[in-house]
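A short write-up of the structure that comes next.
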Amino acid sequence: MSASGGNKAIIAAMLANAGIAVTKFIAFVFSGSSSMLAESVHSLADTGNQLLLLLGGRKAKKQATADHPFGFGRERYVYAFVVSIILFSIGGVFSIYEGIDKLRHPHELEVPWLPIVVLLIAIVLESFSFRTAIQESNHVRGKQGWVDFIRHSKAPELPVVLLEDFAALVGLVLALVGVSMTILTGDSVWDAVGTLGIGVLLVLVAIVLGIETKSLLVGEGASAADTAAIRDAINARPEVEALIHMKTLYLGPAELLVGAKVAFARSRKLSDVATSINELEAAVRAAVPVARVIYIEPDVYLAPNAANPSTDSFVIKAAD
């Protein structure tokens, strides 16, 4: 993912949410709408989330140290996971609490037209933010569907902003329906129902974000396409007898670690093997540019048999 593209989407969402949060809170103060309060807290939480994503991107750029020899690329995953927790706790749980409280202690809306105007303006502003996130995502998602892009993206920022903006738009519609029905029927239960709907929506989005970022934190390998490209790049070299074993791991959104055990002919000199390894690393990086950390272990290929079982069960023979 382009860092500038991700930051552009984050900044657009942050500016929109900051302005919307202030406007919604003013509307809540004058109208007393619980939907407006839930939405103002939602936008405030989103603004804080975008700041956290920017902070995570900044910290991920720190140089590797002795204590962190592979760098700090996963800082971006950590902050994305924190965002999902904040969205759940501050946005979702608070909205559900406020909706239940409004059901128990209903009160009429004051200045009923104000929430409607604010919500319509917020929908327009949030739509611009959502459009920016979609445009930036289209630059990197290729032919993937939206669900696949959110599930398989190694850079968390755009999926997080996409889901936040989508939840914000749906939440605004729920708030608009709740406030409108309250005005039409005179029953503030509708406002409380809209607030509960916002809370449930935020909790669901937070759970999805938490699951996806947890997977990145635990450690994900290269995609099937990149794995095949790396395998083919190694096997294409004439001096390679077999790719015995290979593992990959993302150290950060833009840094893939590749470890491979490669079989060479027994008769090759050590200096020739060293030269071949350097050429293999260059070939892998050319095939998959994100593969920046590569360790290749030279070995001699022994066909597995009953007397000499192989510990490496996944053997990939080089092409003839």
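Looking at segment 17-26 only, could you name the residues that are surrounded by fewer than 24 Cβ atoms within 10 Å (Cβ to Cβ) and either of a type in the set (G, A, S) or within 20 Å of L163 (Cα to Cα) (or both)?
Keep residues of segment 17-26 that are surrounded by fewer than 24 Cβ atoms within 10 Å (Cβ to Cβ), which gives 18-19, 21-23, 25-26.
Scanning segment 17-26 gives A18, G19, A21.
Of all the numbered requirements in (1) over 30 Å from L44 (Cβ atoms); (2) assigned to a helix (DSSP H, G or I); (3) among the hydroxyl-bearing types (S, T, Y), T248 misses one, and that requirement is (2). Scanning segment 294-314 for residues that are surrounded by 15 or more Cβ atoms within 10 Å (Cβ to Cβ) and either β-branched (V, I, T) or at pLDDT 85 or above (or both) gives I294, I296, P298, D299.
Tell me whether segment 38-57 contains one or more residues that are farther than 24 Å from A133 by Cα and either in contact (Cβ under 8 Å) with a residue 40 or more places away in the chain or in the same structural domain as L196 (by TED's automatic domain parsing) (or both). First the steps, then the outcome.
Step one: filter segment 38-57 for residues farther than 24 Å from A133 by Cα, giving none.
So far as segment 38-57 goes, no, none of its residues is farther than 24 Å from A133 by Cα and either in contact (Cβ under 8 Å) with a residue 40 or more places away in the chain or in the same structural domain as L196 (by TED's automatic domain parsing) (or both).
Filtering D232, D165 for residues that are in contact (Cβ under 8 Å) with a residue 40 or more places away in the chain and not assigned by TED's automatic domain parsing to the domain that holds I10 leaves a single hit, D232. Checked against the criterion of being under 15 Å from I198 (Cβ atoms), in contact with a helix residue (DSSP H, G or I) (Cβ under 8 Å, 6 or more places away or on another chain) and among the polar types (S, T, N, Q), segment 22-34 contains one or more residues that satisfy it.
Every residue in segment 1-23 that is under 17 Å from R58 (Cα atoms) and modelled with pLDDT of 80 or more, please.
The answer is I10, I11, M14.
Only one of the numbered conditions (1) in contact (Cβ under 8 Å) with a residue 24 or more places away in the chain; (2) hydrophobic (A, V, I, L, M, F, W, C); (3) more than 30 Å from S35 (Cβ to Cβ) is not met by V218, and that is (1).
On the basis of being of a type outside the set (F, W, Y), under 19 Å from the mean Cα position of the chain (by Cα) and buried (at least 22 other Cβ atoms within 10 Å of the Cβ), does A192 make the cut? No; evaluated as a whole, the condition is false for this residue. Go through segment 147-156 and give me each residue that's under 14 Å from L217 (Cα atoms) and part of a helix (DSSP H, G or I). Passing the criteria: R151, H152. Every condition in (1) surrounded by fewer than 12 Cβ atoms within 10 Å (Cβ to Cβ); (2) among the β-branched types (V, I, T); (3) at pLDDT 90 or above is met by I234 except one, and the failing one is (1). Whenever a residue of segment 59-75 is farther than 18 Å from L216 by Cα and in the same structural domain as T213 (by TED's automatic domain parsing), its partners that are of a type outside the set (D, E, K, R) and surrounded by 12 or more Cβ atoms within 10 Å (Cβ to Cβ), lying with C-beta atoms within less than 7 angstrom and at least six residues away or across chains, give the pairs K62/F72; A64/F70; A64/G71. Pairing residues of segment 172-199 that are touching a residue at least 60 places away in the same chain (Cβ under 8 Å) with residues that are of a type in the set (D, E, K, R) and part of a loop (DSSP other than H, G, I, E, B), at Cβ distances under 8 Å and at least 6 apart in sequence or on separate chains, gives G186/E108; S188/E108. Residues in segment 200-215 that are free of Cβ contacts under 8 Å to residues at least 12 places away in the same chain and of a type in the set (S, T, N, Q): S215 only.
The values are calculated or read from the model by the stated rules, or taken from the named source; none is laboratory data. Computed from a predicted model, the values in this text were never measured in an experiment. Virtual Cβ from ideal backbone geometry, glycine too; neighbours counted across all protein chains shown.
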